[in-house]
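Notes to accompany the following structure.
The values are calculated or read from the model by the stated rules, or taken from the named source; none is laboratory data. Every value quoted in this text rests on a predicted model; they were computed, and no experiment measured them. With ideal geometry, Cβ positions are generated from the backbone for all residues, glycine too; neighbour counts draw on all protein chains shown. Keep in mind that these areas ignore ligands, DNA and RNA; they rest on the heavy atoms of the full protein, side chains included. Shrake-Rupley method; radii C 1.70, N 1.55, O 1.52, S 1.80 Å.
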Amino acid sequence: MSAQFWFAPLVARVRTANPYVVDTALAALVLFAASLQWIFPDEGGDRLTWQGWLLGAATAVPLVWRHRAPFAMACAVSAATPAQALYHAPPPDLMYGGFVVLYTMAARGLPWQRRFMLVGWAIGVSLVMLHKESPEPFEYAFQLMSVACAYAFGVLARVQRAYTAELEDRARRLERERAADTARATAQERARIARDMHDILAHAVSLMVVQAEAGPVVVRSDPARAEAAFEAIAGAGRDAMAQLRRILGVLKEEQRNGTSPQPGIRALPALVRQVGASTGLRVELSTTGEPLPLPPDTDVAAYRVTQEALTNTVKHAYASSATVELGWTEEALTLTVTDNGCGPTTPGGGHGLIGIRERAAACGGDARAGRGPDGGFQVVVRLPAGDRRAAPG
């Protein structure tokens, strides 16, 4: 675990480093490995010459151009390595540069370059071993296995890089599709809010026009009735302005505090009966706590999110029963819809769940959806309740 902890950041840093710096360091490392026979001359009985060292250096220095000119680099190292082996002063301990060449070509080369290098090195190693004095059988196997292993590591790196690129591309596509789906769902929800805004204004203006026309007629004969008419005009205007501000705030993405008139909490029993009668789904409605008055837009949101949650249950959950629970507190209404089905298959939910979250946020509340405590699917929406003192007396 500790080795992986230290190794993973090192690999990530090497991958993001300047490739020319990495290639230069790699060439220096290979040159150092090829020079060990000169650093420790007493360790072996092979003859040492400066010409042999220069041939060894020729197997390392071209690695500096591993990224800039990979095939030319590979050809240069491929020519220097057998030359050093045949010159035999000294013969190379291992084909350090050759390993890098085979790995690089397998990882980054074109198909014909990869095949050319693999076949060329396999033949070259075999021919060099034939010119070696009294080679042991295991040396053939060791050298050929070294070629195969270096090439195999390069193939693995190429496959891993292609796989990672494909995953990243797929993740980007999914993110774009998810963003597009969310944008479409949001646009549809805002279009519904815009239609609701039209209904609010039409309803309020109609009331105001009727009361304004009736007020002057009775202002002298029935002052109390005229006063009530003008009070109704003011009330309708205040209510319309409050809801209009909330809806415009949602459309401008400055605040989220409004939806529309339409059916409210009191229509939920009829909705439950309708869903049960028309679909065969067994739906139960329960209430805990003391109901509080809700602002008109929040009242509608409670109805609409219940309607959408039950619609999702019917369309996607394959459920046989569902429960709708209204939990009242002094601050909020918690509306919970739970079914015994499997829930939506789309990650993050479809347009319905997005619409539920939009409506809840528009009223200053929040919504969440996921697995129920006993299985099935559950939608929980919390909506702020109104002031108890605002209840009609």
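Distance between the C-alpha centres of the stretch 353-382 and the stretch 279-327: 11 Å, rounded to the whole angstrom.
Cβ-Cβ distance of Cys149 and Arg172, R₀ of 30 Å, FRET efficiency by 1/(1 + (r/R0)^6): the value works out to about 0.30.
Counting heavy atoms of the protein chains only and a 1.4 Å probe, report the per residue accessible area for the stretch 113-186 as a whole number of Å². So the stretch 113-186 comes to 69 Å² accessible per residue, rounded to a whole number.
Each peptide among 147-154, 353-360, 108-115 gets the average number of other Cβ atoms lying within 10 Å of its residues, and from highest to lowest they stand as 353-360, 147-154, 108-115. Note on Thr287/Leu156: beta-carbon distance plugged into 1/(1 + (r/R0)^6) with R0 of 56 Å gives a FRET efficiency of 0.35. Taking 0.36 nm per residue of sequence separation and removing the Cα-Cα distance, the Met241/Glu330 pair yields an extension gain of 29.4 nm.
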